[in-house]
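Trainee: Sending over a structure as structure tokens; questions will come in a sec.
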Amino acid sequence: MIQKKICMLGGFAVGKTSLVARYVSSIFSDKYLSTVGVKIDKKQLSVDGKDVTMMLWDIYGQDDFQTVQPSQLRGMSGYLLVVDGTRRATLETARQLQAKATDTVGPVPFILLLNKLDLAEQWEIDEPAFFKLVEEGWRVVRTSAKTGEGVEEAFDLLARAMLR
Amino acid sequence: MAAADDDDGIGSLRAILLAPEQRQLEELQVRLDDRDRRAQDIGEVLPQVLREHAHDPQLARALTPPLEEAITASVKRNPKPLADALFPVMGPAIRKAVSASLASMVESFNRTLEQAFSRRSIRWRLEAMRTGKSFAEVVMLKTLLYRVEQAFLIDRRSGLLLQHVQAGSGVVQDADMVSGMLTAIRDFVQDSFKVSEADSLEALKVGELSVWIEPGPQAIVAAVIRGSAPRDFRPTLQDAVETIHLQFGDLLERFEGDASTLEPARPTLEACLQQQYRAEERKPRTTAAWAFAGVVALILLAWGGLAWRTQARDQRYLDAVRAEPGLTVVSSERRGGKLVVTGLRDPLAKDPLAIATAAGIDAAGIEGRWTAYQALEPSLVLARATRILQPPAGVTLSLVDGVLSFAGAAPGAWIAEARRTAPLIAGVSLFDPLLAMIAIIESPNLLFHTGTPILVPGQDVEVRRLAETLRDFDARAAAASQRFAVEIVGHTDAEGADEANLPLSKARADAVRDAIAPKPFANVTISTTGVGSREPAVGTLDSPSSVRAGQNEADNQRNRRVTLRVSRLAGGPR
């Protein structure tokens, strides 16, 4: 059994919490997020017959990336960077968060989640912007917290990236 | 050239000046390079190092793994030497363990007994019923000072759980997440109040529970404590953190998410699961209770002793009453401090109260309820007959198997009256005026000198009395119209042969007949016979040897005798 610390990063209201709510086991209520600024959930999965336990640190999202404490990122083996597809500004926040994460813990694997796929027609992040990210070498998965589309895939991708 | 010369010059100078040091350096170099030599050097200082650092925990920890390896290897190769070495300590150790375990069992038994019956325990049981908790849980909460319920070993950087131990089998929230959250909260406090790394969060407290946190460079030990732990529990945690870092420092540093590598740290963590219960307070009530119990016991003892004494005295009295003829106890009981005896009493029996006095028992404590009856005990029948028949002076009554008789000279009128009245007396079946006389006639043994039919001196008085009785007997037999036969039987001792003894015995019988009945009687027939030594008064025919040997002249004398047998010839009781 391998354990990994994973952080969920993203701007305000990008849907981090809803995104994982259906896929993780949790014993803490959401109010920890707004008080302590972090809430911890657990996600267990199996990659190529290897059991992996992901301790998910859901970090309270604020558009000001500076409020993310380095201590919360310390020791993480990877992270999920969540962007609200309907708000282009959240992609910028994600970029800053990514820079901060790299700054704090070094280059660890991460997956960019373009969330709210169910509202695709309202998206501000268009195809060119999406491909630009892919070209930059980012792993990008389009997800929907509402339908669950892409969520398991994102976890699986991250787990593989971390174990590589 | 000049420079080369200078170099040579300096070299020579150095060789001259530093030659001894150079040599020493070379020697040292050789010594350091030579493994054997180095081993020897270390060997010389090693015992001293070990001695001086004997109490250094680091040394102990460092030596533990190789020692364990060595012991394991030794046991694998041949377990006997170690077994032999341990043998003298195993016995006492096992005995000690067994006795300690017994003592603790007794202690726990005592505690259980105490808990089961005290007022406090009833209160706790009620509380358990009210709150739905188990009784054991309530007892634990009430007597617990503190208990370390869980201990976490947490990776300091990631907050990942490395190891988790818990006391008992209670339900524990997902330790992984608790571990992460603890770390997050710790970070939160540190970030929020901008405190230095050294002043990190040490404890959290919520109601009965507190979490003590002891950080190390790589990992944190967190202990979840119920109740209030003493300050000196902190060093236990510090020691655990230090030990774990010392033993597993490398593993902690290289930790990549596989917690199973830190499995060996569990014992250290388990050592943190301590607990302490409130010492039983000694209640002064206990003393009072013991004193009360003592007084009660004394009273019971005294009462029991008194009751036992009374009962023994009653029994003694009743036994004496029962032994007395004419008194029959039907029932007895203690009522109102008195012994009430109910029974039957013959008017001629002894006064029961007099029996009490004679037995040294206070008659005032006895109440007799006696119903009169006529007892059939011979002594009472005789007393009753004496009272009713009022025999004249010189006449005594006797009773044998319900047949009343008398001895002595009695007027014919009295005899006639007695013959009529006696059978009406309870306990008397028949009045036989001759019976008592027959007994008198049959009673004497007339004794003789050895080998002769001559009576020993003094026997003539007996012979004269017998002759008178016989005459009287003949007269009464005539009055009663009865006939009797009296057989005079002669005996000898075992000395001599039958041929001599038989005639001798016959001669002795004849001599007596001549003395007591020189003339024939009207109603009594006299006959004589000799039986030799065949019916000895002393000794038996089977073993007459001692008698024959003449070892006992007194016995021989008693056997040289004449006896009389009376038999009724014309019917009537005999």
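The values are calculated or read from the model by the stated rules, or taken from the named source; none is laboratory data. What you are looking at is a predicted structure, and each value in this text was computed from that prediction instead of being measured. Note: ideal-geometry Cβ built from the backbone for every residue, glycine included; neighbour counts use all protein chains shown.
Trainee: I'd like the full set of residues that are part of a strand (DSSP E or B) and at pLDDT below 90, limited to the stretch B:527-544. Don't jump to the end; show me each part of the working.
Mentor: Taking the stretch B:527-544 first, the residues part of a strand (DSSP E or B) are B:527-530.
Within the stretch B:527-544, none qualify.
Trainee: Residue by residue through the stretch A:147-161, note down the ones that are surrounded by 13 or more Cβ atoms within 10 Å (Cβ to Cβ), without any contact (Cβ under 8 Å) to a residue 40 or more places away in the chain and either touching a Gly at 6+ places or on another chain (Cβ under 8 Å) or not small (G, A, S) (or both).
Mentor: A:E149, A:E153
Trainee: Further question on the same structure: Only one residue in B:F188, B:F193 is surrounded by fewer than 22 Cβ atoms within 10 Å (Cβ to Cβ), facing another protein chain (nearest Cβ under 9 Å) and among the aromatic types (F, W, Y). Which one? Show your work before the answer.
Mentor: Working: B:F193 fails: facing another protein chain (nearest Cβ under 9 Å).
B:F188 is the lone residue from the list that is surrounded by fewer than 22 Cβ atoms within 10 Å (Cβ to Cβ), facing another protein chain (nearest Cβ under 9 Å) and among the aromatic types (F, W, Y).
Trainee: Which residue is surrounded by the most Cβ atoms within 10 Å (Cβ to Cβ), if the candidates are limited to the stretch B:306-328 and must be hydrophobic (A, V, I, L, M, F, W, C) and closer than 16 Å to B:K338 by Cα? Can you show your working first?
Mentor: Narrowing the stretch B:306-328 to residues hydrophobic (A, V, I, L, M, F, W, C): B:306-308, B:312, B:318, B:320-321, B:323, B:327.
Next, from what is left, pick out any that are closer than 16 Å to B:K338 by Cα: B:306-308, B:312, B:318.
Working: B:L306: 10, B:A307: 11, B:W308: 10, B:A312: 10, B:L318: 15.
Going through the qualifying residues, I end up with B:L318.
Trainee: Hey, another quick one. In the stretch B:127-154, which residue that is more than 28 Å from B:P267 (Cβ to Cβ) and β-branched (V, I, T) is surrounded by the fewest Cβ atoms within 10 Å (Cβ to Cβ)?
Mentor: Across the stretch B:127-154, the extreme among qualifying residues is B:T131.
Trainee: Testing B:V211 on (1) closer than 22 Å to B:E263 by Cα; (2) at pLDDT 90 or above, one condition comes back false. Which one is that?
Mentor: So the condition that B:V211 fails would be (1).
Trainee: While we're on this one: Could you list, in sequence order, the residues of the stretch B:233-267 that are small (G, A, S) and farther than 14 Å from A:Q3 by Cα?
Mentor: B:A240, B:G249, B:A265
Trainee: Is it true that B:G257 is within 14 Å of chain A (Cβ to nearest Cβ), over 19 Å from B:L201 (Cβ atoms) and in contact with a strand residue (DSSP E or B) (Cβ under 9 Å, 6 or more places away or on another chain)?
Mentor: Numbers: within 14 Å of chain A (Cβ to nearest Cβ): yes; over 19 Å from B:L201 (Cβ atoms): yes; in contact with a strand residue (DSSP E or B) (Cβ under 9 Å, 6 or more places away or on another chain): yes.
It is true that B:G257 is within 14 Å of chain A (Cβ to nearest Cβ), over 19 Å from B:L201 (Cβ atoms) and in contact with a strand residue (DSSP E or B) (Cβ under 9 Å, 6 or more places away or on another chain).
Trainee: While we're looking at this one, here's another question. If you scan the stretch B:397-428, which residues turn out to be at negative phi, surrounded by 14 or more Cβ atoms within 10 Å (Cβ to Cβ) and in contact with a Pro (Cβ under 9 Å, 6 or more places away or on another chain)?
Mentor: Matches in the stretch B:397-428: B:L397, B:L399, B:V403, B:L404, B:S405, B:F406, B:A410, B:W414, B:I415, B:A418, B:R419.
Trainee: Follow-up question, since we're still on this one. Step by step: first the residues of the stretch B:425-439, then only those that are in a helix (DSSP H, G or I) and modelled with pLDDT under 85, then the one that is farthest from the chain's Cα centre (by Cα). Which residue is that?
Mentor: As a first pass, look at the stretch B:425-439 and keep what is in a helix (DSSP H, G or I): B:435-439.
Then keep just the ones that are modelled with pLDDT under 85; that gives B:435-437, B:439.
On the way: B:L435: 64, B:A436: 63, B:M437: 66, B:A439: 61 Å.
Applying the filter and picking the extreme gives B:M437.
Trainee: I need the full set of residues from the stretch B:397-417 which are touching an Asp or Glu at 6+ places or on another chain (Cβ under 9 Å), farther than 23 Å from B:R471 by Cβ and either not β-branched (V, I, T) or not in a strand (DSSP E or B) (or both), in order please.
Mentor: Matches in the stretch B:397-417: B:L404 only.
Trainee: Got a sec? Which strands (runs of 3 or more DSSP E) wholly within the stretch A:1-113 have at least 1 residues that are surrounded by fewer than 21 Cβ atoms within 10 Å (Cβ to Cβ) and either within 12 Å of another protein chain (Cβ to nearest Cβ) or of a type in the set (S, T, N, Q) (or both)?
Mentor: Working: elements: A:2-10, A:38-47, A:50-59, A:78-84.
Correct list: A:2-10, A:38-47, A:50-59.
Trainee: Look at B:A494 and say whether it is surrounded by 21 or more Cβ atoms within 10 Å (Cβ to Cβ), in contact (Cβ under 8 Å) with a residue 60 or more places away in the chain and aliphatic (A, V, I, L, M). First the steps, then the outcome.
Mentor: Details: surrounded by 21 or more Cβ atoms within 10 Å (Cβ to Cβ): yes; in contact (Cβ under 8 Å) with a residue 60 or more places away in the chain: yes; aliphatic (A, V, I, L, M): yes.
When the stated conditions are applied, B:A494 passes them.
Trainee: Do we find that A:I125 is of a type outside the set (S, T, Y), crowded, with 19+ Cβ neighbours inside 10 Å, touching a Gly at 6+ places or on another chain (Cβ under 7 Å) and outside any helix (DSSP H, G or I) in this structure?
Mentor: Values: of a type outside the set (S, T, Y): yes; crowded, with 19+ Cβ neighbours inside 10 Å: yes; touching a Gly at 6+ places or on another chain (Cβ under 7 Å): yes; outside any helix (DSSP H, G or I): yes.
So A:I125 passes the test.
Trainee: Residues B:R420, B:R387: which one is among the basic types (K, R) and without any contact (Cβ under 8 Å) to a residue 12 or more places away in the chain?
Mentor: Working: B:R387 fails: without any contact (Cβ under 8 Å) to a residue 12 or more places away in the chain.
After applying the criteria, what remains is B:R420.
Trainee: Looking at B:A223, B:A229 in this structure, which one is surrounded by 21 or more Cβ atoms within 10 Å (Cβ to Cβ), in a loop (DSSP other than H, G, I, E, B) and away from every other protein chain (no Cβ under 11 Å)?
Mentor: Working: B:A223 fails: in a loop (DSSP other than H, G, I, E, B).
Every option except B:A229 fails the conditions.
Trainee: Here's something else I'd like to know. Just need a number here: residues in the stretch B:152-185 that are part of a loop (DSSP other than H, G, I, E, B), within 22 Å of A:S25 (Cα to Cα) and more than 7 Å from chain A (Cβ to nearest Cβ). Break it down stepwise before answering.
Mentor: Step one: of the stretch B:152-185, the residues part of a loop (DSSP other than H, G, I, E, B) are B:156-160, B:167-174.
Now restrict to residues that are within 22 Å of A:S25 (Cα to Cα): B:158-160, B:170-174.
Still in the running and more than 7 Å from chain A (Cβ to nearest Cβ): B:170-172.
Counting residues in the stretch B:152-185 that are part of a loop (DSSP other than H, G, I, E, B), within 22 Å of A:S25 (Cα to Cα) and more than 7 Å from chain A (Cβ to nearest Cβ) gives 3.
Trainee: Mind checking which residues of the stretch B:456-471 are in a helix (DSSP H, G or I) and touching a residue at least 60 places away in the same chain (Cβ under 8 Å)? Break it down stepwise before answering.
Mentor: So the first thing to find is which residues in the stretch B:456-471 are in a helix (DSSP H, G or I), and the list is B:459-471.
The answer is B:L466, and nothing else.
Trainee: A further question on this structure: Of the conditions (1) in a helix (DSSP H, G or I); (2) in contact (Cβ under 8 Å) with a residue 24 or more places away in the chain; (3) among the hydroxyl-bearing types (S, T, Y), B:Y146 fails just one. Which one is it?
Mentor: (1)
Trainee: I need every pair where a residue in the stretch B:81-99 that is under 17 Å from B:I71 (Cα atoms) has its Cβ under 6 Å from the Cβ of a residue that is among the polar types (S, T, N, Q) and surrounded by 10 or more Cβ atoms within 10 Å (Cβ to Cβ), sequence separation at least 6 or different chains.
Mentor: B:L82/B:S74
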